[in-house]
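The values are calculated or read from the model by the stated rules, or taken from the named source; none is laboratory data. Only a predicted model underlies this, so the values are computations on that prediction, with no experimental measurement involved. Virtual Cβ from ideal backbone geometry, glycine too; neighbours counted across all protein chains shown. Accessible surface is based on the protein model in full, side chains and every heavy atom, while ligands, DNA and RNA are left aside. Shrake-Rupley method; radii C 1.70, N 1.55, O 1.52, S 1.80 Å.
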Amino acid sequence: MKLCLPLLVGCLFALLAGTSGVEFTQFQLYVVHVDNRDQLNQIQELVQNGDYDFWDVPRVNRKARVMVNHIDEMMFEKFLEEHDIDFDPIVENVQQILNKERKKNEEHHRRAKRDAKATVDFDHYWTLDEIYAYVEELAATSEMVTAFDIGTTHEGRPIKAMTISRNGEVGMDRPVVFMDAGIHAREWAGIMSVLYMIHEFVEHSEQYPDQLDNTDYVIIPVLNPDGYVYTHEKNRLWRKNRVQNNLLCAGVDLNRNFPAMWRFTSNACTNSYAGPEHSSEKETVAMMGLMDRYKSAMAMYVAVHTHGDMILWPWGYEYDKYCDNWEEHDQLGKLAQQAIVAVGGPEWEVGNSVEVLNYRASGATDDYAYATGARLAFTIELTGGGYEGFDLPADQIGKVSRETMEVYKVFGKHAGSLTVPVVKN
């Protein structure tokens, strides 16, 4: 089993950090420039071995940020130089940019406490309590919304889901779009984009007849509540859930834990650890149960991630394997791509998961949803925000959420045009 010393040190440090939180003062941020397929294949070796934390998906002719422990800097730079890959160190102390992001959020919460008339806004990252309170408020005030718990996490937090339907409840006679966000704890912007969609669909429903008249929605706003809280309180860059695997390492990558061509990974300290077996995690089981409840009407599944400007379709577990109706996936993805461009957004890349990402991902939610019966299954990777923090700067949440709303509009309209199979008793 490969387990480098810096990784062990990092795991132990995270374990011993306690209530003080994890600091990244000893980490530097680089930008690598990938010019061709050969360089991309070399970079993927670094991605797969888990020794470095890539903040962006490496792609040809794109820049990718990667966080490196100071202990590993010489080895990292030597590898890049040997393969003629250009790089630039851009931030010597990663903690500085994380502190900047945290300061902005803290300032917003202080202002909100002073302002008793504060309303819903998209200029800060919401806490889990804010998200859950908003979902419950909508359920209490809108006939279109129901909210309910689908399980509890390892730390005892509820995993909340909600439905949106003009009929009040999802009756399984209309196409369902099933969505989740926040499976990776640190990907805050994806959660915010889904909250923005919920806000628009419920509080401005008259503006979205194409998306609501014939389509119902089942949504898990935060699939990984423990991890999400942990990123707000302890470690901004945490990705997995918070189950304790062993003395040194915690967390399972929930997007590798579903029973869709699941593969065992032996190193429990890596960011992509798939768990001791498929479906081992409470969050995984909760989502599988919810999906099973609505699968007969599930026309579309959408997994929301950040970031990379991508619309991806199955299969993702193996090279050179396309889902049966890949043309329909690709055409719809390109319609969404055009819709983003039409409102001034970037041109997202559309394609098969493995081909675009250049690596396999077994046990992922989109493959599981497609195998379960969803006619269409997508993973979307939102627009990133430059170098000011891991995720999108807070002052860009609104812009990116509005652009991503175009994807949700295209998907919802198409789902509403599909026919739900008649289930015979």
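Structure summary
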| read-out | value |
| --- | --- |
| Filtered residues of the stretch 130-151 (kept if open to solvent by 70 Å² or more (accessible area, probe 1.4 Å) and of a type outside the set (Gly, Ala, Ser)) | 136, 137, 141, 143, 149 |
| Any hit, the stretch 35-55, residues being of a type in the set (Phe, Trp, Tyr), part of a strand (DSSP E or B), without any contact (Cβ under 8 Å) to a residue 24 or more places away in the chain and open to solvent by less than 40 Å² (accessible area, probe 1.4 Å) | yes |
| Some residue of the stretch 319-330 being among the hydrophobic types (A, V, I, L, M, F, W, C) and either under 30 Å from residue 149 (Cβ atoms) or in contact with an Asp or Glu (Cβ under 7 Å, 6 or more places away or on another chain) (or both) | no |
| Cβ pairs under 8 Å, 6+ apart, first in the stretch 162-176 and among the basic types (Lys, Arg), second open to solvent by 50 Å² or more (accessible area, probe 1.4 Å) | 166/213; 174/167; 174/214 |
| Residue check, residue 319 over 20 Å from the mean Cα position of the chain (by Cα), open to solvent by 30 Å² or more (accessible area, probe 1.4 Å) and under 29 Å from residue 42 (Cβ atoms) | yes |
| Verdict on residue 19 being at pLDDT 90 or above and either open to solvent by 20 Å² or more (accessible area, probe 1.4 Å) or more than 21 Å from residue 305 (Cβ to Cβ) (or both) | no |
| Test result for residue 72, touching a Leu at 6+ places or on another chain (Cβ under 9 Å) and surrounded by 13 or more Cβ atoms within 10 Å (Cβ to Cβ) | no |
| Hits in the stretch 328-345 - residues which are in contact (Cβ under 8 Å) with a residue 40 or more places away in the chain and either open to solvent by 10 Å² or more (accessible area, probe 1.4 Å) or more than 21 Å from the chain's Cα centre (by Cα) (or both) | 328, 335, 339, 342, 343, 344, 345 |
| The stretch 262-312, subset of a type in the set (Asp, Glu) and open to solvent by less than 20 Å² (accessible area, probe 1.4 Å), residue farthest from the chain's Cα centre (by Cα) | 281 |
| Search result, residues across the stretch 236-256 that are among the polar types (S, T, N, Q) and open to solvent by less than 10 Å² (accessible area, probe 1.4 Å) | 241 |
| So residue 384, is it farther than 30 Å from residue 292 by Cα and under 15 Å from the mean Cα position of the chain (by Cα) | yes |
| Residue 169, sole failed condition from (1) open to solvent by 10 Å² or more (accessible area, probe 1.4 Å); (2) at pLDDT 95 or above | (2) |
| The stretch 222-234 residues that are under 18 Å from residue 149 (Cβ atoms), paired with ones that are outside any helix (DSSP H, G or I) and among the small types (Gly, Ala, Ser) (beta carbon under 6 Å, 6 or more apart) | 222/182; 223/182; 224/182; 224/185; 227/185; 228/182; 228/185 |
| Where residue 83 falls short, out of the listed (1) exposed (fewer than 15 other Cβ atoms within 10 Å of the Cβ); (2) of a type outside the set (Asp, Glu); (3) in contact with a helix residue (DSSP H, G or I) (Cβ under 9 Å, 6 or more places away or on another chain); (4) under 22 Å from residue 219 (Cα atoms) | (4) |
| Residue 363 vs. criteria on the phi > 0 side of the Ramachandran plot, crowded, with 19+ Cβ neighbours inside 10 Å and not aliphatic (A, V, I, L, M) | yes |
